[in-house]
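Reading through the structure tokens given below for one structure.
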Protein chains: 2
Amino acid sequence: MRTVYEKADVVPMIAEIFRDLGYEGTSLSRITERTGLGKGSLYHFFPGGKEEMAATVLAEVDGWFERFVFEPLRRDDPAQGIATMWAAVDDYFRSGGRVCLVGAFALDETRDRFATAIRGYFARWIEALRDALVRGGRDPADAALDAEEVVLGIQGALVLARALGDPAVFTRALDRLKDRL
Amino acid sequence: MRTVYEKADVVPMIAEIFRDLGYEGTSLSRITERTGLGKGSLYHFFPGGKEEMAATVLAEVDGWFERFVFEPLRRDDPAQGIATMWAAVDDYFRSGGRVCLVGAFALDETRDRFATAIRGYFARWIEALRDALVRGGRDPADAALDAEEVVLGIQGALVLARALGDPAVFTRALDRLKDRL
DNA sequence: CGTTCTCTGTACCGAACGGTAAACTGAAGT
DNA sequence: ACTTCAGTTTACCGTTCGGTACAGAGAACG
């Protein structure tokens with residue numbers, strides 16, 4: 001029996017592993033056991049090894065947010081774009097049951113390895129949200145602070161929800177942030 | 001030449017390593033090179049190995065917050081206790097230049113290993129702050145949400161400050177939270 | 001059929017991992 | 001002086017790490 005994968009099937013599985021275990025906690029053997037792929041296949045898809053796997057995963061996460069969060073914020077009318085963002089965020093983070101890969105990578109020395117990808121993700125999120133708020137009539141200086149506060153609040157809510165083992169913390173925080181905008 | 005340490009000198013050094021590298025990223029060899037202690041000394045102080053080192057470090061961080069944040073919140077008059085908290089937090093996290101060990105441990109599977117310590121740290125913080133707010137006259141239901149929001153906001157600010165490489169994010173967030181209470 | 005190309009399985013490498021054992025050093029206690 | 005004991009040093013253990021090499025499987029195409 002021989003199961004054949006394509007790279008596109010593999011990336012989300014690996015993403016979930018990095019999300020659960022962090023960069024250093026993720027070993028090739030954990031990846032092989034959770035994906036069913038041998039090292040040969042893994043290195044066929046990712047010649048750069050573990051670092052390329054993580055970089056690809058980061059790019060995929062970034063792509064998802066770009067398409068379902070940042071772009072709607074830029075393109076749609078402000079209220080609509082922001083509503084899309086709330087729904088997408090709640091969905092993506094499974095209402096607090098899932099953690100942010102990019103945020104997790106940011107906390108330890110893994111950040112240095114992927115600094116530009118990590119910075120870019122958050123910077124574009126904040127910028128897109130700020131611009132939407134400004135287009136919606138908010139004072140530019142306030143909008144910048146509000147956007148920062150929303151993104152930071154989401155990250156903090158994920159940390160706290162997981163620390164307390166209580167996803168409801170995330171839902172509550174999201175509601176509060178929603179009300180404030 | 002023979003340098004002799006006491007355990008009390010060693011714990012803060014190890015704490016800083018775990019903070020920088022995370023649990024999985026911290027190896028005994030990194031600890032020996034950054035502390036100057038050989039494995040023998042390390043295992044003399046911590047017979048339980050790496051896990052006991054991390055547990056000790058968590059307990060020390062918890063002790064610090066208990067003494068300089070949670071206790072003042074419970075003991076002092078509310079406004080004073082909260083003021084002490086802001087100063088201690090800003091000081092401890094080096095105005096955004098340092099990350100929260102407990103929050104970092106919470107994000108990956110390391111949380112499972114130290115679940116009760118991690119949950120306890122955040123639960124006691126939120127509880128102490130909530131009670132101080134109630135004693136200060138805030139409606140109990142609002143106080144609970146506000147306390148949660150403050151602790152979560154601090155964690156999020158640390159994540160975002162480090163992700164963007166900009167400690168000012170932390171300072172700004174702290175000011176905002178301060179104003180809101 | 002034969003070739004080509006993508007993907008897989010397995011065996012292997014040196015290095016680093018967490019951890020152990022035991023001999024040693026030096027100061028304090030008697 | 002002799003013991004005791006906290007702390008150090010060094011060598012070593014088995015395992016796992018990330019990474020490599022390479023033969024083989026199987027569909028696609030001529």
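Which condition number in (1) more than 16 Å from DNA strand D (Cβ to nearest atom); (2) under 22 Å from B:Gly120 (Cα atoms) is the one that B:Gly96 fails?
B:Gly96 satisfies every listed condition except (2).
Restricting to the range A:131-181, give me the number of residues that are touching a Pro at 6+ places or on another chain (Cβ under 6 Å) and either crowded, with 22+ Cβ neighbours inside 10 Å or in a loop (DSSP other than H, G, I, E, B) (or both).
Looking only at that region, the number is 3.
Just checking, how many residues over the range A:118-159 are at the interface with chain B (Cβ under 7 Å from one of its Cβ atoms) and more than 21 Å from B:Pro167 (Cβ to Cβ)?
Residues that pass the stated criteria total 1.
Please go through the range B:39-51 and pick out each residue that is near DNA strand C (Cβ under 8 Å from one of its atoms) and more than 19 Å from B:Asp20 (Cβ to Cβ).
Residues satisfying the conditions are B:Lys39, B:Gly40, B:Tyr43, B:His44, B:Pro47, B:Gly48, B:Gly49.
Is it fair to say B:Phe68 is among the hydrophobic types (A, V, I, L, M, F, W, C), more than 16 Å from DNA strand D (Cβ to nearest atom) and open to solvent by 30 Å² or more (accessible area, probe 1.4 Å)?
yes
Which condition number in (1) at the interface with another protein chain (Cβ under 10 Å from one of its Cβ atoms); (2) acidic (Asp, Glu); (3) open to solvent by 30 Å² or more (accessible area, probe 1.4 Å) is the one that A:Asp108 fails?
(3)
Here's the yes/no breakdown for (1) modelled with pLDDT under 95; (2) open to solvent by less than 10 Å² (accessible area, probe 1.4 Å):
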| residue | (1), (2) |
| --- | --- |
| B:Gly36 | yes, no |
| B:Leu42 | no, yes |
| B:Glu52 | no, no |
| B:Ala55 | no, no |
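Tell me, please, whether a residue that is outside any helix (DSSP H, G or I) and either touching a Cys at 6+ places or on another chain (Cβ under 9 Å) or free of Cβ contacts under 8 Å to residues at least 24 places away in the same chain (or both) can be found in the range A:95-107. Step through it out loud before you land on a result.
Narrowing the range A:95-107 to residues outside any helix (DSSP H, G or I): A:97-100.
Narrowing the set further to residues that are either touching a Cys at 6+ places or on another chain (Cβ under 9 Å) or free of Cβ contacts under 8 Å to residues at least 24 places away in the same chain (or both) leaves none.
Within the range A:95-107, not a single residue is outside any helix (DSSP H, G or I) and either touching a Cys at 6+ places or on another chain (Cβ under 9 Å) or free of Cβ contacts under 8 Å to residues at least 24 places away in the same chain (or both).
Give the residue that is nearest to A:Asp20 (Cα to Cα), with candidates limited to residues of the range B:12-34 that are away from DNA strand C (no atom under 13 Å from the Cβ) and surrounded by fewer than 18 Cβ atoms within 10 Å (Cβ to Cβ).
Checking each candidate, the answer is B:Glu16.
With respect to B:Ser95, determine if the residue is within 14 Å of DNA strand C (Cβ to nearest atom) and either under 14 Å from the mean Cα position of the chain (by Cα) or small (Gly, Ala, Ser) (or both).
No, not satisfied.
Search the range A:77-92 for residues that are over 12 Å from A:Arg67 (Cα atoms) and pair each with any residue that is open to solvent by less than 50 Å² (accessible area, probe 1.4 Å) and basic (Lys, Arg) when their beta-carbon atoms are under 9 Å apart and the residues are at least 6 apart or on different chains.
From residues that are over 12 Å from A:Arg67 (Cα atoms), the pairs are A:Tyr92/A:Arg98.
So, in the range A:69-94, exactly how many residues are within 14 Å of chain B (Cβ to nearest Cβ) and not in a helix (DSSP H, G or I)?
Residues meeting the conditions: 1.
For the range A:18-58, name all the residues that are within 25 Å of B:Ser27 (Cα to Cα) and either aromatic (Phe, Trp, Tyr) or in contact with a Cys (Cβ under 9 Å, 6 or more places away or on another chain) (or both).
Correct list: A:Phe18, A:Arg19, A:Tyr23.
Taking only pairs six or more apart or across chains, which ones have beta-carbon atoms under 6 Å, a first residue in the range A:155-171 that is free of Cβ contacts under 8 Å to residues at least 24 places away in the same chain, and a second residue that is open to solvent by 50 Å² or more (accessible area, probe 1.4 Å) and in a helix (DSSP H, G or I)?
What qualifies is A:Leu164/B:Arg119.
Out of curiosity, is B:Arg113 modelled with pLDDT of 95 or more, more than 16 Å from DNA strand C (Cβ to nearest atom), open to solvent by 10 Å² or more (accessible area, probe 1.4 Å) and not small (Gly, Ala, Ser)? Let's see the steps before the verdict.
Details: modelled with pLDDT of 95 or more: yes; more than 16 Å from DNA strand C (Cβ to nearest atom): no; open to solvent by 10 Å² or more (accessible area, probe 1.4 Å): yes; not small (Gly, Ala, Ser): yes.
Against the criterion (modelled with pLDDT of 95 or more, more than 16 Å from DNA strand C (Cβ to nearest atom), open to solvent by 10 Å² or more (accessible area, probe 1.4 Å) and not small (Gly, Ala, Ser)), B:Arg113 does not qualify.
The values are calculated or read from the model by the stated rules, or taken from the named source; none is laboratory data. Please read all numbers here as calculations on a predicted model, not as lab measurements. Note: ideal-geometry Cβ built from the backbone for every residue, glycine included; neighbour counts use all protein chains shown. Accessible surface areas use protein heavy atoms only, side chains included; no ligands, DNA or RNA. Shrake-Rupley method; radii C 1.70, N 1.55, O 1.52, S 1.80 Å.
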